[in-house]
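**Student:** Shown below is the structure under consideration.
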Amino acid sequence: MELLKQRIRRDGRALNEHVLMVDSFLNHQVDVGLMRAVGEEFARQFAGCGITRVMTIESSGIAPATMTALAMGLPLVVMKKSISSILSEGILQTEVHSFTKNSSYQLTLKQKFVAEGDRVLVIDDFLANGEAAFGAARLVEQAGAQVAGIGIVIEKAFQPGHQRLIEAGYRVVSLARVSRMAENLIEFVDE
Ligand code: G4P
């Protein structure tokens, strides 16, 4: 998605070869106009796939997933990363380990917000190793629904997440695929 790549080039900052800061438009301050365009692009790419529900993981996935659900006219469900004492009944959980943050959490979904037979589109802001996407897929499948697609705003294509998800049989659409980073350098796949 050219508009997104332009924005990453202009306002993104590679801290080093692994971490891309996009906090001025994606995960701290949010450019809602850009997120609307992101949502419309996902809606276009996944049109005709019989999607019935959009899902994401709190917190940075919420903005692009909201705009996707709006563009597709579908319900949105946000998976939680912590267990609340008032969220104990009818819940599904799976452990997700983040290599980037070197920490784990219990990804949590209330069963009643997924219907058996649902075709779910999972949206997230970043794809690195794919652990969060695999965790989301496990919960969708535990609920008796199917992952019809995974939409990623920014993929770090030099990490194995995309390949692992494809090998597991998922359809992955990433709107910007970063192939290489270094201090003050950001390159995209196919450039
Ligand atoms: P994985 O799920 O693909 O395996 O990715 P990983 O564990 O490595 O990363 C998980 C968290 O780190 C996610 O945030 C993700 O957004 C964030 N992250 C990964 N790489 C980058 C990067 O280059 N730049 C930035 N800004 N973030 C990155 P999270 O823990 O889910 O937090 P949030 O959604 O609450 O913001």
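**Student:** Mean projection of the alpha-carbon convex hull of the chain over all orientations, in nm²?
**Tutor:** Taking a quarter of the hull surface, the average projection is 10.4 nm².
**Student:** Next question. Rank by packing, highest mean first: peptides 4-14, 122-132, with packing defined as the count of other Cβ atoms within 10 Å averaged across residues.
**Tutor:** 122-132, 4-14
**Student:** Next question. Check HIS18: other-chain or 5+ apart residues with amide H under 5 Å from its amide H, H built from backbone geometry?
**Tutor:** Amide H neighbours of HIS18: none.
**Student:** Take every Cα-Cα distance within the stretch 1-101, group them into 10 Å bins from 0 onward, and report for each bin the whole-number percent of pairs it holds.
**Tutor:** 13, 36, 35, 15, 1
**Student:** Pick out, from GLN45, PRO75, VAL22, the residue whose Cα sits farthest towards the positive end of the charge dipole of the chain, with +1 on the Cβ of Lys and Arg and -1 on the Cβ of Asp and Glu.
**Tutor:** Going by the charge dipole, the pick is PRO75.
**Student:** Around MET55, which amide H atoms from residues at least 5 apart in sequence, or from another chain, sit under 5 Å from its own amide H, with H modelled in the peptide plane?
**Tutor:** Here the answer is VAL77, LEU121, VAL122, ILE123, since their amide H atoms fall under 5 Å of that of MET55.
**Student:** Could you give the Stokes-Einstein D for the stretch 56-138 in µm² per second, using the C-alpha Kirkwood radius, 10 °C, 1.306 mPa s?
**Tutor:** Calculated translational D: 118 µm²/s.
**Student:** Give the residue list of GluC sites (Glu not before Pro) in the stretch 71-128 that are DSSP loop and have at most 10 other beta-carbon atoms within 10 angstrom.
**Tutor:** Those that pass, being in a loop and sparsely packed, are GLU89, GLU116.
**Student:** Order the peptides 143-151, 68-76 from the highest to the lowest mean number of other Cβ atoms within 10 Å of their residues.
**Tutor:** Result, highest mean Cβ count within 10 Å first: 143-151, 68-76.
**Student:** Quick one: of the DSSP bridges fully inside the chain, what percent are antiparallel, nearest 5?
**Tutor:** 40 percent
**Student:** Considering only the stretch 14-113, what is the antiparallel percent among its DSSP beta bridges, to the nearest 5?
**Tutor:** Taking every DSSP beta bridge within the stretch 14-113, about 70 percent pair in antiparallel fashion.
**Student:** Hey, what did the stretch 15-139 get for relative contact order, percent, Cα under 8 Å, at least 6 apart?
**Tutor:** Relative contact order of the stretch 15-139: 26 percent.
**Student:** Kindly provide the trypsin sites (Lys or Arg not before Pro) of the stretch 88-191 that DSSP labels as loop, not H, G, I, E or B, and whose Cβ sees at most 12 other Cβ atoms within 10 Å.
**Tutor:** Listed in order of number, the matching sites are LYS101.
**Student:** Quote the Stokes-Einstein diffusion coefficient, in whole µm² s⁻¹, for the stretch 38-95, based on the Kirkwood radius over alpha carbon pairs, a temperature of 20 °C and a viscosity of 1.002 mPa s.
**Tutor:** 171 µm²/s
**Student:** Find the lysine pairs in the stretch 1-125 meeting two conditions, Cα atoms under 28 Å apart and a separation of 8 or more places or different chains, and report how many there are.
**Tutor:** Going through the stretch 1-125 pair by pair, I get 8.
Laboratory data are not the source of any read-out in this text; all were calculated from the coordinates shown. In this text the structure is predicted, and so the values were computed from the model without any measurement. Don't worry about glycine lacking a Cβ; one is built from the backbone with ideal geometry, like all the others, and counts go over all protein chains shown.
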